[in-house]
Amino acid sequence: MAPNSSKFLERFGYDLLLGSIVAFYAFMVPYTKVEESFNVQAMHDILYHRQHIDNYDHLEFPGVVPRTFIGALFVSLLASPFVLVINLLHLPKIYGLLAVRIVLGCVVLSTLRFFRVQIRNKFGLQVEAFYIILTAIQFHMLFYATRPLPNILALCAVNMVYGYWLKGNSYAALSYLIFATIIFRCDMLLLLCPLGLEFLMIKSISFCGALKRCIGVALLCIGLTVFIDSILWKKLLWPEFHVFWFNSVLNRSSEWGTHPVHWYFTSALPRSLLAGYPLFLLGVFLDKRVLPLILPVLCFILLYSKLPHKELRFIISSVPMFNLSAAITANRIYNNRKKTFWKLLYLIMLGLLLISLGCTIITFLASNENYPSGYALKELHRIGRLSNSDEQWVHIDSFSAMNGISRFCENDFPWRYSKEEDIPLKELRLRNFTYIVNEHPVIDGFDCLFSVSGFSRLRLHIGFPPILVVTEPKVYVHGNSENMDLLHKNWPGC
């Protein structure tokens, strides 16, 4: 048994480590935000409404631009056996959300495993080990791994691209990148172009061969997304083309905020890579194999920097390759740690790794407080059910819907929910709502029953821990002032 256990740990130990961290993040922070809403609602509808497309959430709340259902369909198919068991046990639907998130995390980690195996084959066991250490102590990659963002669905394909790139199969790498571009994220075109150019320059592909492969794969992907998404959106549609037109041609993404051109290099990458950031930059000078690997990815970020609207998740697909460069550097420093100059670098590297772990813990604690409306609705379900059998209508405002509440958070009868938008506060009392989950502390005609705090800022503290997470009330739950059964309950108060 001992040799078998040793072989199992040797083969899957890294996967168990990363999987445990991913599962911890998912269970500790089960709720989702607005960026994930389309795929979360789509997975809910596929699993619970199935073929009844008229009941799907996206037909009532289509969002700014349409998104593809292909990722949601794939994850829902894999998660459906677990959701079936959840339904048979009559568990709340929030367990269904955890199921789809854990399944998505497994898909991300399986593609990351493929990349990691190629790292081991090309650079050795020690580089692989440092790669795992760097990935484990970084927050954003593993935290986002279970969050159904288009960027994470594209990341699955990009991990395969990186793996086939190291394996020397350039045509397969291009095929996966075209798939990611056409189906999930049109901005992957900014990685496809420099990577394809590098393949041509090093003659790992021919121009004619690449052209044939790219056109063939592109046509298949376009056909797939148009066929599936046209059915579910009930109109002829290629979703990512609409996204490309909205973001790149009309340049309307800037309506959601802008950052300076250097923001990815001075804010997003340092936060996502932590200790890996200086290590990956140093790798360019320490190992001649690094520059050809990170140059196309650097070009991707440079090109992306020209778009004024920036978010960390937009460039998360660059993190695995930058971590490889950082792991190569860490391995070089470790192997030379007994030499005088390298010993100093080794001590600095250990310090950076410890600081990274501390930053990850603090970021997790802050993120744990960033989904207040999900916890508010959970508490309302726990203590708010009335003795009579009448329907209890809960109105959820836009702020609450964007900060933790999805269809997976809803309960069955007698609970009913409204996400109707743009209702003036003064008009709410004229509606037949039992409860209101809202960002406003005072609403005419309703009594504030309790509030839930959310992340506000970080504060330096003399002592341990040196940094504290400061919260403040973010979401308020109100009850109808005319409902006596409701007011007789023992509410925490606001």
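The values are calculated or read from the model by the stated rules, or taken from the named source; none is laboratory data. Model, not experiment: these values are computed from the prediction. Here the Cβ positions follow ideal geometry from the backbone for every residue, glycine too, while neighbour counts run over all protein chains shown. Just the protein is used for accessible areas: all its heavy atoms, side chains included, with ligands, DNA and RNA removed. Shrake-Rupley method; radii C 1.70, N 1.55, O 1.52, S 1.80 Å.
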### Query
Longest span of the chain, sites excluded, free of GluC sites (Glu not before Pro) in DSSP loop with at most 14 other C-beta atoms within 10 Å?
1-390
### Query
Once a ≥ b ≥ c are taken as the square roots of the eigenvalues of the Cα gyration tensor of the range 152-231, is the result rounded (a/c under 1.5), prolate (a/b larger than b/c) or oblate (a/b not larger than b/c)?
prolate
### Message
Show me the helices of the chain, taken as full DSSP H stretches, that run 15 Å or more along their long axis by Cα and average 0.5 or above in Kyte-Doolittle hydropathy.
### Response
2-28, 70-88, 94-123, 125-137, 150-167, 189-201, 207-233, 290-304, 340-368
#### Entry: Anchor residue 310: aspartates and glutamates whose Cα lies under 16 Å away (excluding residues fewer than 8 positions away in-chain)
35, 187, 255
### Span from the the range 229-254 Cα centroid across to the the range 87-136 one, whole angstrom
30
### Query
Can you give the accessible area per residue of the chain, in Å², using a 1.4 Å probe?
47
### Query
Can you pull out the trypsin sites (Lys or Arg not before Pro) in the range 279-359 that DSSP calls coil and that have at most 10 other Cβ atoms within 10 Å?
288, 306, 338
### Residues of type aspartates and glutamates that residue 474 reaches as a straight line, Cα spacing below 18 Å, ignoring anything fewer than 8 places off in the same chain
369, 379, 397, 439, 447
### Query
Do the alpha carbons of any pairs in 33/419; 93/489; 203/306; 426/489; 122/343 sit beyond 18 Å of each other, and which pairs?
93/489; 203/306; 426/489; 122/343
## Note on the structure
Applying a 4.7 angstrom Cβ cut-off across the chain, unpaired cysteine residues come out as 106, 156, 186, 193, 208, 214, 221, 299, 359, 409
### Summary
One finds the C-alpha centres of the range 427-445 and the range 316-393 to be spaced, in Å, by 37
### Query
Can you pull out the trypsin sites (Lys or Arg not before Pro) in the range 363-417 that DSSP calls coil and that have at most 15 other Cβ atoms within 10 Å?
385
### Query
What are the residues whose amide H is under 5 Å from the amide H of residue 310, where those residues sit 5 or more places off or on another chain and H is modelled from the backbone?
259
### Message
Tell me the carbon and sulfur percent of the accessible area for the chain, rounded to whole percent, probe radius 1.4 Å.
### Response
64
#### Entry: Phi-based couplings in Hz for the range 414-423 (Karplus 6.51, -1.76, 1.60; Gly and Pro marked x)
x, 6, 9, 10, 10, 10, 4, 9, 6, 7
